[in-house]
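*Asks:* A single structure is presented below for examination.
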Amino acid sequence: MNVKQSLLSIILLGFTTLSFAQVETDESKFALGFSAGYNRGFGAQISITALRPLESLPVQIRFGIGLTKLNPGNAADARRIFINNATNGVPEEKAKSFDYRLDFMLNSNFIDSESTKLVFGPRYSSFTANFKYVGGNEDFDVTTKQFGVGLGAESQFKMNDKINLLAAIGLDYFFNNTLKGHDTSYSPDNDNVNARNDNANNNAEFTYKDANKAIKQPQLMPRVLIGLVYKL
């Protein structure tokens with residue numbers, strides 16, 4: 001079973017699990033939310049939801065902002081592709097991504113539960129990977145900003161009149177964009193700036209494919225989150 005098949009199985013399993021949620025019956029118009037969990041790394045999100053933005057349609061609209069700690073990629077390759085071929089110093093690496101999401105939340109027709117929602121919408125990510133070489137006099141960021149789309153399902157379990165427990169699963173996909181680091185950048189169309197030479201490949205210039213392989217920017221981002229929703 002490949003990665004995509006595994007992710008699809010997780011999502012389908014989640015749809016079945018979430019079908020046992022409770023039904024919402026209150027008259028609140030807005031809700032604040034906080035959730036945390038797996039997002040290709042540990043992530044947390046805050047959100048505000050308009051519960052009844054359109055009286056004629058069974059849709060909710062939510063805006064959320066999240067922060068996720070991620071694997072930045074291969075430190076040695078990042079240095080060769082964005083800086084130089086030096087190998088001295090002890091590498092330290094870290095990465096984070098701020099994501100901004102607009103969700104349209106619809107009652108699911110294929111799950112017998114009014115409080116289970118099908119969730120989809122556009123995404124935007126601001127990603128930064130930092131590579132530091134202690135003793136090697138190198139400390140630089142590689143950044144990219146990406147648009148994406150997302151799909152998922154979630155349910156809320158009533159705890160009291162104001163607070164619900166949230167369980168959510170989903171998958172976001174972000175489109176490749178220019179990777180920038182130091183004074184070098186690599187673009188998907190290979191309109192690159194100050195591309196470095198690969199001394200292990202007859203000094204041929206590195207390409208976007210090389211940079212994208214070295215830097216683990218957001219692309220497929222599976223999400224499994226739990227949290228709380230406070231109805232205003």
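*Asks:* For Pro53, all conditions in the list (1) farther than 26 Å from Asn130 by Cβ; (2) open to solvent by 60 Å² or more (accessible area, probe 1.4 Å); (3) at pLDDT below 95 hold save one; what is the number of the exception?
*Replies:* Condition (2) is where Pro53 drops out.
*Asks:* Are any of the residues in region 136-159 of a type in the set (S, T, N, Q), outside any helix (DSSP H, G or I) and more than 23 Å from Phe82 (Cβ to Cβ)?
*Replies:* Yes, some residue in region 136-159 is of a type in the set (S, T, N, Q), outside any helix (DSSP H, G or I) and more than 23 Å from Phe82 (Cβ to Cβ).
*Asks:* Turning to a different aspect of this structure: With the requirement that a residue be out of contact with any Leu (no Cβ under 8 Å at 6 or more places or on another chain), buried (at least 17 other Cβ atoms within 10 Å of the Cβ) and not charged (D, E, K, R), what does region 210-232 give you?
*Replies:* Listed by number, the list holds a single entry, Ala214.
*Asks:* Shifting gears a bit: Within region 171-208, track down each residue that is in a strand (DSSP E or B), closer than 23 Å to Ser97 by Cβ and not hydrophobic (A, V, I, L, M, F, W, C).
*Replies:* Asp172, Tyr173, Lys180, Gly181, Thr184, Ser185, Tyr186
*Asks:* Since Arg123 meets every condition but one in (1) touching a residue at least 24 places away in the same chain (Cβ under 8 Å); (2) open to solvent by 70 Å² or more (accessible area, probe 1.4 Å), which condition does it not meet?
*Replies:* Here Arg123 clears every test but (2).
*Asks:* If you take the residues in region 81-97 that are open to solvent by 20 Å² or more (accessible area, probe 1.4 Å) and part of a strand (DSSP E or B), which one is nearest to Ile169 (Cα to Cα)?
*Replies:* Result: Lys96.
*Asks:* Considering only region 79-100, I want to know if a residue exists there that is touching a residue at least 60 places away in the same chain (Cβ under 8 Å) and of a type in the set (Phe, Trp, Tyr).
*Replies:* Scanning region 79-100, I find at least one residue that is touching a residue at least 60 places away in the same chain (Cβ under 8 Å) and of a type in the set (Phe, Trp, Tyr), so the answer is yes.
*Asks:* Name the one entry in Ser47, Ser28 that is at pLDDT 85 or above, in contact with a Lys or Arg (Cβ under 7 Å, 6 or more places away or on another chain) and of a type in the set (Ser, Thr, Tyr).
*Replies:* Ser47
*Asks:* Since Tyr133 meets every condition but one in (1) assigned to a strand (DSSP E or B); (2) under 25 Å from Tyr100 (Cβ atoms), which condition does it not meet?
*Replies:* So the condition that Tyr133 fails would be (2).
*Asks:* Now for a separate question. With respect to Ala78, is the statement that it is in a strand (DSSP E or B), buried (at least 19 other Cβ atoms within 10 Å of the Cβ) and out of contact with any His (no Cβ under 6 Å at 6 or more places or on another chain) true?
*Replies:* No, not satisfied.
*Asks:* Quick check on region 145-202: of everything there that is of a type in the set (A, V, I, L, M) and farther than 23 Å from Asn39 by Cα, which residue is least open to solvent (accessible area, probe 1.4 Å)?
*Replies:* If we take residues in region 145-202 being of a type in the set (A, V, I, L, M) and farther than 23 Å from Asn39 by Cα, then Ala195 is least open to solvent (accessible area, probe 1.4 Å).
*Asks:* Something else now. Mind checking which pairs have a first residue in region 31-43 that is outside any strand (DSSP E or B) and a second that is charged (D, E, K, R), Cβ under 6 Å, 6 or more apart or different chains?
*Replies:* Going by the 6 Å Cβ cut-off, the qualifying pairs are Asn39/Arg223; Gly41/Lys69.
The values are calculated or read from the model by the stated rules, or taken from the named source; none is laboratory data. Note that the coordinates shown come from a computational prediction; the quantities given were computed from them, not determined experimentally. With ideal geometry, Cβ positions are generated from the backbone for all residues, glycine too; neighbour counts draw on all protein chains shown. Side chains included, ligands, DNA and RNA excluded: accessible areas come from the protein's heavy atoms. Shrake-Rupley method; radii C 1.70, N 1.55, O 1.52, S 1.80 Å.
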